[in-house]
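Enquirer: Take a look at this one; I'll ask things after.
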Amino acid sequence: MKYYALKDENNKLIYENWVEAKEALKGLKAPKYKSFKTKEEAEAFLEGKELEIDYKIPTAYIDGSYDKETENYSFGGCLFIDGNIYKFKKKYLKDEYSSFRNVAGEIKGAGYIINYAINHGIKELNIYYDYLGIEKWYKGEWQAKSPIAIEYVNYANEAKKKINVNFIKIKSHTNNKYNDLADTLAKEALK
């Protein structure tokens with residue numbers, strides 16, 4: 001189930017279906033709105049608060065970045081395990097994947113974090129991401145045609161034997177604290 005939180009300067013509303021939420025948007029002035037997986041997250045959004053991380057299973061946020069001048073790319077990520085945060089960033093020099101820009105970084109980041117989890121005995125992992133291919137290629141829902149997607153799919157086919165990965169899509173640049181942290185780390189890696 002999804003929860004749709006809508007707000008403007010005078011209203012704070014939560015709906016359980018998009019049709020009703022979309023209709024309500026028409027009556028709001030300069031609204032802000034977003035969908036959430038839990039009612040608690042929707043309520044926190046309406047109050048301008050952010051829920052504290054209390055994940056029962058390890059959870060990661062990843063993002064990619066690209067430098068058009070050098071054609072280098074990178075990823076940044078943070079991983080929460082048992083109340084601890086681990087930060088990752090890595091730069092890749094111009095190579096055959098550079099034409100995929102920041103997507104190359106995000107794909108590399110997903111593989112890196114999944115591999116880290118496997119190497120530390122983690123059997124289940126949540127990954128928050130903003131590029132849909134991260135999930136679709138991993139699950140085999142998109143056909144891999146590019147070299148980097150094919151490499152990622154081959155990796156995923158082996159990784160799935162060792163770990164269960166839950167993917168959660170988030171919109172980029174929506175002031176999500178940990179997605180912003182992953183983005184910052186990816187940009188730092190390029191410097």
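The values are calculated or read from the model by the stated rules, or taken from the named source; none is laboratory data. Keep in mind the model is a prediction, meaning the values are calculated, not measured. Cβ atoms come from the backbone with ideal geometry, glycine included; neighbour counts cover every protein chain shown. Accessible surface areas use protein heavy atoms only, side chains included; no ligands, DNA or RNA. Shrake-Rupley method; radii C 1.70, N 1.55, O 1.52, S 1.80 Å.
Enquirer: In the stretch 103-147, what residues are in contact with a Ser or Thr (Cβ under 9 Å, 6 or more places away or on another chain) and among the β-branched types (Val, Ile, Thr)?
Expert: 127 - this is the single residue of the stretch 103-147 that is in contact with a Ser or Thr (Cβ under 9 Å, 6 or more places away or on another chain) and among the β-branched types (Val, Ile, Thr).
Enquirer: Conditions: (1) in contact (Cβ under 8 Å) with a residue 24 or more places away in the chain; (2) within 30 Å of residue 126 (Cα to Cα). Residue 19 meets all but one. Number of the miss?
Expert: Residue 19 satisfies all of (1) in contact (Cβ under 8 Å) with a residue 24 or more places away in the chain; (2) within 30 Å of residue 126 (Cα to Cα) except (1).
Enquirer: Wholly within the stretch 73-191, which strands (runs of 3 or more DSSP E) include no fewer than the required count, namely at least 1 residues that are of a type in the set (Val, Ile, Thr) and open to solvent by 30 Å² or more (accessible area, probe 1.4 Å)? Spell out the reasoning first.
Expert: Working: elements: 84-92, 124-129, 164-169.
The qualifying strands (runs of 3 or more DSSP E) are 84-92.
Enquirer: I'd like the residue in the stretch 1-50 that is among the basic types (Lys, Arg) and more than 20 Å from residue 168 (Cβ to Cβ) and, out of all such residues, is surrounded by the most Cβ atoms within 10 Å (Cβ to Cβ).
Expert: 7
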